[in-house]
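Since the structure comes first, as structure tokens, the remarks are kept for the end.
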Amino acid sequence: MDKLKIYLDVCSYNRPFDNQSQMKIRLETEAKLYIQAGIRANKYSLVWSFMLDFENDNSPYEDRRNAVALWENIADEICPSSDEVLALGEDIMEFGIKEFDSLQIACAIKSGCDYFITTDKRLLNKPITAIKIINPIDFIRETEDSTNEN
């Protein structure tokens, strides 16, 4: 069986740096860290993109920038900017998704990812059929249930 190919957006990478006083944020953080452990264990194939570089480079927090940037070296694939990605990003914006988010989703789709993992509630449940947009907690629930059925 092929490894699932996944794309984590900037919100997901930064979740551990958010205020952990809310249970939902703590659970999403734990789920994201669990997914990253799966990436390191070669369970998942990680895709990075030029948009992750762009958004991360513009973070005002050096500690976050440095921690997130390390994942580029761990990624199995890097999606560069291209006319195809930019055009797809424009199409995705028609679903009411902001430009940067649309371009990240376009990178994930063009790279053949199975899942786009985000903690951004505004992106979940959008009618995009080319990729599954999912929260880290639901990603674990969905993928663990399908691989560990008793």
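The values are calculated or read from the model by the stated rules, or taken from the named source; none is laboratory data. Nothing here was measured: the structure is a model prediction, and the numbers come from that model. Ideal geometry is used to build each Cβ from the backbone, glycine not excepted, and the neighbour counts take in all protein chains shown. Only protein heavy atoms, including side chains, enter the accessible area calculation; ligands, DNA and RNA are left aside. Shrake-Rupley method; radii C 1.70, N 1.55, O 1.52, S 1.80 Å.
Given (1) 14.7, 46; (2) 19.4, 58; (3) 16.5, 58 as candidate values of Rg and Dmax of the Cα atoms in Å, which corresponds to the one derived from the coordinates?
Recomputing Rg and Dmax of the Cα atoms in Å here gives the entry labelled (1).
Can you tell me, using C-alpha contacts under 8 Å and at least 6 residues apart, the relative contact order of the chain as a whole percent?
Reported relative contact order: 30 percent.
Could you tell me which Cys residues in the chain have no other cysteine's Cβ under 4.7 Å from their own Cβ, answering none if every one has a partner?
Cys with no partner Cβ under 4.7 Å: 11, 113.
Give me the accessible area of residue 81, 1.4 Å probe, in Å² rounded to the nearest 10.
70 Å²
Name the longest site-free stretch of the chain, where the excluded sites are GluC sites (Glu not before Pro) in a DSSP loop with no more than 13 other beta-carbon atoms within 10 Å.
For GluC sites (Glu not before Pro) (loop position, at most 13 other Cβ atoms within 10 Å), the longest site-free span of the chain is 1-93.
Considering only protein heavy atoms, what per residue accessible area in square angstrom results for the range 10-150 with a 1.4 angstrom probe?
That works out to 55 Å² for each residue.
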